[in-house]
Amino acid sequence: MKLLKHESRHLVSFAQVLGRATTHQVPFTKYQVPICVLRCEFDNHCMWIVVAIALLALLLNVPLGAWRARVPKFSAKWFAAVHLSVPFIWAMRMASGISLRAIPLFIALAVAGQILGARLFPPRE
């Protein structure tokens, strides 16, 4: 894998991720991961990915929140409406290499989407 000069600061080796790197510079290997896996260093690239996933979490949960408001509480459909977006958010987070530190933001916006969907589209009585 050939790295451009400006790309090298965004990648670290798995040895560094595992904390086994020494104080000297670890040479790049074919096993490279984004630095976002180490810690959420919200540089421009990582920050925009986190913002995009967070907004998708919000938008995915608006219709699910509207559906959740229309079904009986704690039924199977209610649990499906609450948890249906979780695999999609997880897959986006894993595919982009965002660290675990961004999960509270994703959860907060998913809950906000559920509440927003229930308030924007109240059940008909």
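Among the residues of the range 116-125, write down those that are in a helix (DSSP H, G or I) and surrounded by 15 or more Cβ atoms within 10 Å (Cβ to Cβ).
L116, G117, A118
Anything in the range 35-78 that is more than 30 Å from P122 (Cα to Cα), surrounded by fewer than 19 Cβ atoms within 10 Å (Cβ to Cβ) and either among the polar types (S, T, N, Q) or modelled with pLDDT of 85 or more (or both)? List them, or say none.
If the condition is that a residue be more than 30 Å from P122 (Cα to Cα), surrounded by fewer than 19 Cβ atoms within 10 Å (Cβ to Cβ) and either among the polar types (S, T, N, Q) or modelled with pLDDT of 85 or more (or both), then N44 is the only one that fits.
Taking the range 88-112 only, how many residues are surrounded by 20 or more Cβ atoms within 10 Å (Cβ to Cβ) and outside any helix (DSSP H, G or I)?
Residues meeting the conditions: 1.
The values are calculated or read from the model by the stated rules, or taken from the named source; none is laboratory data. Computed from a prediction, not measured in an experiment: that's the story for all the values here. Neighbour counts run over all protein chains shown; Cβ positions are idealised from the backbone, glycine included.
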